[in-house]
Every structure is written in structure tokens, then in C-alpha cells.
Amino acid sequence: MGIGSMVDQTENPTKYLGNELKYIKKVLNSENWSATTGSWNQALEQAFSKKIGTNYAVAMNSGTSTLHAALEAVGVGPGDEVISPALTVIMDSTATFHANAVPVYADINPDTFTIDPKDIERKITQKTKAIIPVSLYGLPPDYDPILKIAKKHNLAVIEDNAQCFLSTYKGRMTGTIGHMASYSFENTKHISCGEGGILITDDERLAETARKIGGHGFKNLKASEGRVRLNQDVFQNPHYKRHDTLGWNYRLSEFNAAIAIAQLERLDTLVRMRVETAEIFMDVMKDCDYLIPQKTPKGYTNSYYTLGVIYKGLENIGVSWEDFRKAYINAGGDGIYGAWAVPYTEPVIAQRKFISRCPAVYKDIGYPPHLCPVAEKIQPLLMQFKTNYRDKGLAKKKAEILCRIIDKFSSR
Ligand SMILES: Cc1ncc(COP(=O)(O)O)c(C=O)c1O
């Protein structure tokens, strides 16, 4: 019996409905399982950049690798400051630490939950080099003032679109707004290949630099070519020098690239299903004064990675966050997720566990509480409702359950 028989074999035939298996078999049957020689990565990059509307794409093994490579590509280095929102996952901070740079947190808008441009301006110092605006839950932040601030202070803007595929901001496609944009293909994202990510940009120099940073610094890598294609006589010569950039291995395997292509083929459908689910749930919440969905301002579209809702039930009906969640689950609803803690309250940052990686940079850096009061107030109230139902009927059924719970608590 093979080792594979020990692995959990639970199947979910509704999760992957496209060409995933067909493409994986093609990779298996080829001799090229790595991006160094195969062509699936390049096909993914071309298709993804075309879909979003940029000149270049560089596929990598995660949406954190892409953020790190992007930061270094735009010139962020030791001691530089990078501004990211106080309400997001920790990876915007860890990618910053990975560049030996210093995360600086800007507060959020209480209605949209995305970064507040006014607080960005307040947090700028002589050391600020870049801003990572995050499209939280699929909603783009207010880019116009962010771009204005960036221009004024000569800062790079790296869109973190890990949770945001095909959302638009005032008619512009997200991913085409900043200097670079980063996406994740981790399991929960709109499209997934297990683990993976992609960076996009219009700037040839940034694409080439990021690719080298993610590709061992091979000097032959190009903005639109991740394979090291060389004359064998040159490449096999002992005097040949290969590396002109300090780089890591952030390459995506050909298997992952093939799956990502199959998912990309269905991106419109997968986004639409999440949006429709969010709309069904928001309809149920529309007359409820204690479930307040993330506000999508006029002129924006939201791709609803998840439906973020402020829960005011304790205040309005005397029911705690935990009890409301339990009541929904007990009635057949799905688990409601809380929002990740504000990054600088996580032990790794609050307890300054980052100092040892570069004491010269970090010895005086610390993050006291109350740096971003709006984010700290909203984070414990947030509920994230699942939107990735593959079947609209099931989404409706869950929303009906939520409706019954709301009615039950309202009629007490
Ligand atoms: C907003 C955001 N940024 C970055 C990441 C990091 O992506 P990955 O898990 O692919 O490293 C994620 C996903 O987990 C995310 O949600």
C-alpha cells in the first residue's frame, strides 16, 4: 500500500469543476514539473496579466512571496518604513519584516474597513518608502487620495489584492492602479491552486527585478520570461556566472500553475457566485439594525471574498457575538469567522519578537496599543460570513436560516 493511502481522501467534487484534472495530467505526463523548464507558468502569467490588463505578471508560490518580492523590487530595504492598514492579515507586516523594513500602521475607515488615506498622510516620515493598500474582503480602498499622497512623497503603491479579484474602483480595474499588485491563490481565495500567488505590473523593470528576487537572482530572467533559456555551451561552461541579484526561490510549480489556469478560466463565474451570495445575505440583513455590512461606496465594486459585517447585537439586542454565532450554527448555518486581530496586537509583533532578525533596525521599534483606535474598536465586532458557496440554492438556504435567527432575536 502506498504512503498516499494514509492521507485523508475526503472528496468534494463540487469544488473544482473545470479543467484542473485534465491540465494536471498534462503536467504529469510531461518532463517539466518546474517553472524553470515548463510552459504552464508562462501561460498563467500571460493569461492573468491579459485578464486584469497589465503588461507583465510573475507567478510565485504564495501571496506573501509576491508582497516581499514587490517590496524589494520597488527598493524597500533595511530601516525603510512601509505603511499598511491596521485591519488585515499579518502577511503585509511579515513581508515587510522580510525586507528588513518597518511596518507602520494606518487606521481604517469605519464604514468600508479599508485604509484611511488621512491617516496614511499622518504616518509618513522621511523613512517611508511604500504603501500597501489592502482591498479588504474584496473592496478596493479609496485609491485617488492614496495615489496623490504617494506621488507627493515619491512612494511606491503595492496593491494587496489577495482577497480581491476583478473589483473595480471608479471604473478602473483593481490591479492596474498601483505600481504593482499582488494576488494569492491560497485555498480560500476566489481562485486557488492550493498555494500560490501572482504579481502584476506595467513596469518592465519592476517585473524583471521581482522575478529575479523570486528566482534565485538568475541574471537571464526577464520581465516576461521565467525560464532560463541559454545556449548549452555557455550554460554548461564552468566559467559561466549565473547570478547578479540576491534572490530566493519563490517559484510556483508547474502543477500549481496548471491548476491556477483552470481556475482562471472560471474566474468570472467564481467571482459572480461570491457576489450573488453576499447580495442574498445582505438582503436578509437590510432591516436589521445590528448587522451592518461593509459599505461599498458608489463607483466601487466589491468581489466579496467574504461578507464583512459589524455586529452590534450586544448593544442593540443584548446578545453577544459568540451567542449569535452559536445560535446561527445550531440552526444549521455555517461558522461565522471573526476578523484577524489587529497585526500589532499579535504576540509576535506586540512582544517585539522581530528584533533579533536585525537589531540595528529594530532595537527602538515597538507598537504600543491604541495606535489605530478605529481598527481596534471594529475588529472584535466583525463577523465574516462565508460567500464561497458553489451552489446558489445552498447560499439561499443558509441565508434563510440567518433570517430566522434575526426574527427570533428581534421578537424576544
Ligand atoms: C490580504 C491578504 N494578503 C496576503 C495574504 C497572503 O497570501 P498567502 O497565504 O498566499 O501567502 C493573504 C492570504 O492569506 C491575504 O488575505
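The values are calculated or read from the model by the stated rules, or taken from the named source; none is laboratory data. Because the structure is a prediction, the values reported are computed rather than measured. Heads up, the Cβs are rebuilt from the backbone with ideal geometry, glycines too, and the neighbour counts pull from every protein chain shown. Only protein heavy atoms, including side chains, enter the accessible area calculation; ligands, DNA and RNA are left aside. Shrake-Rupley method; radii C 1.70, N 1.55, O 1.52, S 1.80 Å.
Residues checked against (1) away from the ligand (no atom under 16 Å from the Cβ); (2) buried (at least 17 other Cβ atoms within 10 Å of the Cβ):
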residue	(1), (2)
Gly178	no, yes
Ile191	no, yes
Gly196	no, yes
Leu206	yes, yes
Thr209	yes, yes
Ile213	no, yes
Asn231	yes, no
His243	yes, no
Gly247	yes, yes
Of the numbered conditions (1) under 16 Å from Lys408 (Cβ atoms); (2) in contact with a strand residue (DSSP E or B) (Cβ under 6 Å, 6 or more places away or on another chain), Asn316 fails exactly one; give the number of that condition.
-> (2)
Filter the stretch 126-145 for residues that are without any contact (Cβ under 8 Å) to a residue 60 or more places away in the chain, away from the ligand (no atom under 16 Å from the Cβ) and not in a helix (DSSP H, G or I); which is most open to solvent (accessible area, probe 1.4 Å)?
-> Gln126
Contact list, first residue from the stretch 70-99 and closer than 13 Å to Val134 by Cβ, second anywhere and within 10 Å of the ligand (Cβ to nearest atom) and not in a strand (DSSP E or B), beta-carbon distance below 6 Å, six or more apart or interchain, is Ser84/Asp92; Ser84/Ile132; Val89/Trp340; Met91/Thr64; Asp92/Ile132; Ala95/Thr64; Ala95/Leu67; Ala95/His68
Filter the stretch 82-106 down to residues that are in contact with a strand residue (DSSP E or B) (Cβ under 9 Å, 6 or more places away or on another chain) and surrounded by fewer than 22 Cβ atoms within 10 Å (Cβ to Cβ) and give me whichever is nearest to Asp142 (Cα to Cα).
-> Val89
Condition test on Lys353, is it of a type outside the set (Asp, Glu), open to solvent by 30 Å² or more (accessible area, probe 1.4 Å) and assigned to a helix (DSSP H, G or I)?
-> no
Run down Lys152, Lys118, Lys123 and say which single residue is touching a residue at least 40 places away in the same chain (Cβ under 8 Å), away from the ligand (no atom under 16 Å from the Cβ) and among the basic types (Lys, Arg).
-> Lys123
Mind checking which pairs have a first residue in the stretch 314-340 that is among the β-branched types (Val, Ile, Thr) and a second that is part of a loop (DSSP other than H, G, I, E, B), Cβ under 9 Å, 6 or more apart or different chains?
-> Ile317/Asp289; Ile317/Tyr290; Ile317/Arg412; Val319/Tyr290; Val319/Arg412; Ile329/Gly335; Ile329/Ile336; Ile336/Lys386
When you go through Val284, Val271 one by one, which is the residue that is over 20 Å from Ile336 (Cβ atoms), open to solvent by 10 Å² or more (accessible area, probe 1.4 Å) and in contact (Cβ under 8 Å) with a residue 12 or more places away in the chain?
-> Val271
